[in-house]
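Heads up: the structure comes next, in structure tokens.
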Amino acid sequence: MLLYSHEPYRPRVVVGMGTCGIAAGAGEVMQALVDQGQARSLDWDLTYTSCLGMCHAEVNVEITLPDGPKIIYGNVKAKDVPALVEKHVLAGQPVMELAVAQEGPPQRLVPGIPHLSELPFFAKQSRGVLRRCGRINPDSIEEYLATDGYLALEKAIAELEPEDVIAEVKRSGLRGRGGGGFPTGMKWEFTRRAQGDKKYIVCNADEGDPGAFMDRSVLEGDPHAVLEGMIIAGYAIGADEGYIYVRAEYPLAVKRLRRAIAQAEEWGFLGENILGSGFNFVVHIKEVAGAFVCGEETALLASIEGERGMPRVRPPFPANKGLWGKPTNINNVETYANVPHLILMGGLNFASVGTPKSKGTKVFAITGKVKRTGLAEVPMGISMREIIFDIAGGIQNDKQFKAVQIGGPSGGCLPTDLLDLAVDYDSLIQAGAMMGSGGLVVMDETTCMVDVARFFLNFTTKESCGKCTPCREGTKRMLEILTRICQGQGRPEDIPTLERLAKVVKATALCGLGQTAPNPVLTTLRYFRHEYEAHVQEKRCPAQACTAFFIYAIDPQKCDGCTRCLRNCPSGAITGKVKEVHRIDPEKCTHCGTCVEKCRRGAIIKVDRIPSASLLKEGA
């Protein structure tokens, strides 16, 4: 078998070109490297990879000299390229101010640069699904093959009967990574046993949670792993055709998937008589506009069939009656990407990581008010505190942690008291949240939890398909109440009404979207009820985030009359003269916050519209 290798006697330069890297300027960095190579007639390997996970340090560039370690640079701009080429590539001296980490034999390491595994962002990670992301060229099947790619498929077809594959998956304890956490092996077994002359494999890549980008990153970084997982699933359940249901708003992922499918067909891993076994399997890509409800299995299947994406009543379940009425197995991107790894290492080894009921690892997209955003894969059972403070570096500007939203709009908001909660399926459900697909949105002390509940409910209300009354009407009524509370018009009966409505919708909605939509409301009521009460009873937002409850004012002790706020105020709400204390007219102020951004002395402050009882008492 032809294996990938780069020329060891030439410098190798690799640019991280996932969507996050490209958004940060990776295209310009690559072009600057191409220009340098041409101008200096450099004999080097210049290539690209996907996201390594350090989205907070994009653009990443790796430089490896023939006898040196791999040096990983972060936050690289196009203007930095000449220095990287001049000093490192040509003179062999790493640019220390841009170096983030290094890898290589101990005798080659450069003093003063930490090893990649020592970085706090990676120290507690355990990479299985992400092991190739940011490591190989995702458009090269040769690089996939050189890193044990398609060995699991060869093993499954050559050494295992379909039932053995399912037994191995069941031994691993792998549960669906898309939200519900249903045992994957059991799901495969149901589909294999189902009666039907035709069966399908479907990959759910309809990643719709705000702040979630796990599936996109895996598809962009290791598309062959997803394909290999789907092919093995097809072999196990007896399917010969598969669909990848992916958002068209993921153009890079779709492009790399198409290339991977073509390569797999060319190499005989897809198509007819795969590896001479007589097993046939083809994969299609279904590009869609993107609708949150189509993350629900039956709505997704309806969409593939050309119908409106609306859930169906279950049973029958897709395992018995799925795509075009045929038995169908549906898993998400991360679940399929786990399969090759699992087959190679064995189910029991896979199950040695994690907790008794949640095996293996989980990929999280960490966003929000943390110092290090990015993609992290951690063992099941790790605490939320370790993810937020050890891996993500804690809260920006060293503010106080307030809550973390886990599981997207269908998940829940967990408070400081639950920072040491083990992150696994059952613990999260017990706390009122859910694993979901793996989105983590971290919030600090300036976040209003009532407004957060309103934000997520606004999302689910707009994404509701409207088929069932509890979801269609119930979420709208809840959103009306939350909006009223955030606008300072909350009524005493609003909180109990909101809570009752949320419980009714959760218990009676038709599909998972409706049943989980109230979770942000219920968890914020459970853990932050005092904030709701402050809004309704005291007409005060404790976080001073809801504009109805505060005005901007200028601290006369700090204002030096520089006029920066006055000159930049878009509504003309600020008056004053040079070197005199300015004033903000609350009637004209639109709360845009521009004055806060422009003031160099921190003189713009928030003041409650209605002074608190204690201040009124002091004033009296």
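The values are calculated or read from the model by the stated rules, or taken from the named source; none is laboratory data. Predicted, not measured: the structure shown is a model, and the values here were computed from it. Please note: Cβ atoms are built from the backbone with ideal geometry, for glycine as well, and neighbour counts cover all protein chains shown. Side chains included, ligands, DNA and RNA excluded: accessible areas come from the protein's heavy atoms. Shrake-Rupley method; radii C 1.70, N 1.55, O 1.52, S 1.80 Å.
For region 123-164, just say rounded, prolate or oblate: build the C-alpha gyration tensor, square-root its eigenvalues into a ≥ b ≥ c, call rounded for a/c under 1.5, and beyond that prolate if a/b exceeds b/c, oblate if not.
oblate
Quick one: the Cα spread of region 413-491 along its three principal axes, in angstroms, biggest first?
Principal extents (largest minus smallest coordinate, Cα): 35, 32, 19 Å.
Quick one: what do you get for region 379-432 if you divide its Cα Rg by 2.2 N^0.38 Å?
In units of the globular-protein estimate, region 379-432 measures up at 1.10.
Largest first and in whole Å, what are the equivalent-ellipsoid semi-axes of the chain based on the Cα gyration tensor, each being the root of 5 times an eigenvalue?
Gyration-tensor ellipsoid for the chain: 44, 36, 20 Å.
Got a number for carbon plus sulfur as a percent of region 133-248's accessible area, 1.4 Å probe?
C and S atoms contribute 45 percent here.
Using the Cα centre as the reference, give the magnitude of the dipole from point charges on the C-beta atoms of the chain (Lys, Arg: +1; Asp, Glu: -1; all else neutral), rounded to the nearest 20 debye.
2080 debye
In whole Å, what are the extents of region 1-143 along the principal axes defined by its C-alpha atoms, from largest to smallest?
41, 36, 34
How large a share of the accessible area of region 314-388, in percent, is made up of carbon and sulfur atoms when the probe is 1.4 Å and the other protein chains stay in place?
57 percent
Output the Cα-based Rg and Dmax of region 357-452 in Å, rounding Rg to one decimal and Dmax to a whole number.
12.1, 37
Is it possible to state the helix-based mean residue ellipticity at 222 nm for the chain, with each DSSP H run of 4+ residues giving -39500 (n - 2.57), the sum divided by total residues, to the nearest 500 deg cm²/dmol? What is it?
Computed ellipticity for the chain at 222 nm equals -10000 deg cm²/dmol.
Give me the dipole magnitude in Debye, nearest 20, for region 127-199 about the Cα centre, with unit charges on the beta carbon: positive for Lys and Arg, negative for Asp and Glu.
So the magnitude is around 540 debye.
Accessible area per residue, 1.4 Å probe, Å², for region 244-400: what's the number?
Ligands and nucleic acids excluded, the figure is 39 Å² per residue.
How big is region 485-620 along each principal axis, measuring the range of its Cα positions in Å and listing the largest first?
Between the extreme Cα coordinates on each principal axis of region 485-620 lie 63, 39, 22 Å.
Quick check: Cα centre of region 234-308 to Cα centre of region 108-184, how many Å?
Between the Cα centre of region 234-308 and that of region 108-184, the gap is 20 Å.
For region 13-92, list log₁₀ I(q)/I(0) at each q in 0.14, 0.18, 0.24 Å⁻¹, using the Debye formula over Cα point scatterers of equal strength and ignoring solvent, two decimals each.
With one equal scatterer per Cα and no solvent, log10 I(q)/I(0) is -0.39, -0.66, -1.15.
Using packing as a proxy for protection, rank 154-160, 516-522, 457-463 so that the peptide with the highest average count of other Cβ atoms within 10 Å comes first.
Result, highest mean Cβ count within 10 Å first: 516-522, 457-463, 154-160.
Sticking to Cα atoms, compute the Rg of region 401-534 to one decimal and its Dmax as the biggest Cα-Cα distance, whole number, in Å.
Final numbers for Rg and Dmax: 13.8, 39 Å.
So if I place +1 on the C-beta of Lys and Arg and -1 on the C-beta of Asp and Glu, and nothing else carries charge, what would the dipole magnitude of region 323-436 be about its Cα centre? I want it in debye, nearest 20.
240 debye
Can you give me the P(r) profile for region 302-409? Cα pairs, bins 10 angstrom wide beginning at 0, each as a whole percent.
Distribution as computed: 11, 29, 25, 24, 9, 1 percent.
So, how do all the Cα-to-Cα distances of region 175-282 break down into 10 Å bins, in percent, from 0 on up?
14, 43, 34, 9, 0
Please calculate how many Å² of accessible area region 418-502 carries per residue, with a 1.4 Å probe and no DNA, RNA or ligand atoms counted.
39 Å²
Using modelled amide H (1.01 Å from N, peptide plane; none on Pro or chain starts), what sits under 5 Å from the amide H of K359, excluding residues fewer than 5 places away?
Counting only residues 5 or more places away or on other chains, the set is R175.
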